[in-house]
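Here's the structure, in structure tokens; my notes come after.
The values are calculated or read from the model by the stated rules, or taken from the named source; none is laboratory data. Quantities reported herein were computed from a predicted structural model and do not represent experimental measurements. Cβ coordinates were reconstructed from backbone atoms using ideal geometry, including for glycine residues, and neighbour counts include every protein chain displayed.
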Amino acid sequence: MACCLLLFITVDVKAQKWQPGSFTDIKGNKVTGLIRENPTSKGPIKDEGYIEFKDDSKANPYKLSASDLKSFMIGRDSFVVAHAPGNSNWSKKELDFVQVALDEETKLYAADVATGGGGTGKRGVSVSPEFGGGIGTGGYGGFGGGVGINLGGGGGGKGKVIATYYYGTNTATMQQLTPMNFKDVMSDIMGDEPDVVDKIQSGQFNINNIGKLIDYFKQVKAAHKQQ
């Protein structure tokens, strides 16, 4: 129990950190400053995720709801606004943010969602287990498929926050990535790199080590660009 509690405290503190970044509002205006991606206070609009932003370390912060934004960035990690997808595991707000894990023709998105009996069903924890590679290199990265931390409270029972992946040409079409569709979906996304696809099809990568697969795909793609 102590170990789980320590992990919870670690990720929660990280989630509250102000980090350099920028946001793009619905009019296309880009603003650079400091962002806190997972604040725990009440958001400005019910059923919408939000971020806190301030122009610099001395400025007063203000809240930006998901409907105010198109996207935001922390370091090299990019997040876009998404409506809750149908027929999938989604405990975030009806309008919230997902991280762009891979920006290909079919995109791969990642989100931390609460699951299990009586989970909190709300945001406020970013999972960053730092095992076997993660998404991106910015302050928020580190998603790993199937990795969760135990949570209490909310509905009175225990739940988990799990890094969950979605795919689609955009957020309006995204569907959940599962162990059953993993090979087909990831082979399609990474189809320009046959060596990577071969490893997916042979079972060297699966949803439980997807972070390693993403890192490997990026390395292979970068190497081919340099040739």
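Please find, among Met174, Met186, the residue that is among the aliphatic types (A, V, I, L, M), surrounded by 18 or more Cβ atoms within 10 Å (Cβ to Cβ), in contact (Cβ under 8 Å) with a residue 24 or more places away in the chain and closer than 21 Å to Lys92 by Cα. Explain how you work it out, then say what you get.
Values: Met186 fails: closer than 21 Å to Lys92 by Cα.
After applying the criteria, what remains is Met174.
Being in a helix (DSSP H, G or I) and touching a Leu at 6+ places or on another chain (Cβ under 8 Å) is the filter; apply it to segment 200-209 and report the residue that is surrounded by the fewest Cβ atoms within 10 Å (Cβ to Cβ). Talk me through it step by step, then tell me what you get.
First pass over segment 200-209, keeping only residues in a helix (DSSP H, G or I): 200-201, 207-209.
Next, from what is left, pick out any that are touching a Leu at 6+ places or on another chain (Cβ under 8 Å): 200, 207.
Working: Ile200: 22, Ile207: 20.
By that ranking, first place goes to Ile207.
Looking at the structure I just gave you, is Thr164 at pLDDT 70 or above and within 30 Å of Glu193 (Cβ to Cβ)? It would help to see each step written out before you state the result.
Working: at pLDDT 70 or above: yes; within 30 Å of Glu193 (Cβ to Cβ): yes.
It is true that Thr164 is at pLDDT 70 or above and within 30 Å of Glu193 (Cβ to Cβ).
Please specify each residue of segment 78-89 satisfying the condition of being under 12 Å from the mean Cα position of the chain (by Cα) and modelled with pLDDT under 95.
First, pick out the residues of segment 78-89 that are under 12 Å from the mean Cα position of the chain (by Cα): 78-82.
If the condition is that a residue be under 12 Å from the mean Cα position of the chain (by Cα) and modelled with pLDDT under 95, then no residue fits.
Which of the residues that make up segment 194-220 are out of contact with any Ser or Thr (no Cβ under 7 Å at 6 or more places or on another chain), of a type outside the set (Val, Ile, Thr) and farther than 21 Å from Tyr166 by Cβ?
Hits for segment 194-220 are Pro194, Asp195, Asp198, Lys199, Ser202, Gly203, Gln204, Gln219.
Residues of segment 159-198 being assigned to a helix (DSSP H, G or I) and of a type in the set (A, V, I, L, M), which ones? Please lay out each step first, then the result.
The first filter runs over segment 159-198 and keeps only residues assigned to a helix (DSSP H, G or I), leaving 171-173, 182-189, 194-198.
Once the filter is applied, which keeps residues that are assigned to a helix (DSSP H, G or I) and of a type in the set (A, V, I, L, M), segment 159-198 yields Ala172, Val185, Met186, Ile189, Val196, Val197.
Working only within segment 20-41, note down all residues that are within 9 Å of Leu69 (Cα to Cα) and of a type in the set (S, T, N, Q). Before you say what the answer is, go through the steps one by one.
Applying the first criterion (within 9 Å of Leu69 (Cα to Cα)) to segment 20-41 yields 23-28.
Within segment 20-41, Thr24 is the sole residue that qualifies.
Looking only at segment 125-134, decide whether some residue is at pLDDT 95 or above and either buried (at least 16 other Cβ atoms within 10 Å of the Cβ) or within 20 Å of Ile214 (Cα to Cα) (or both). Give the derivation first.
Of segment 125-134, the ones at pLDDT 95 or above are none.
No, segment 125-134 has no match at all.
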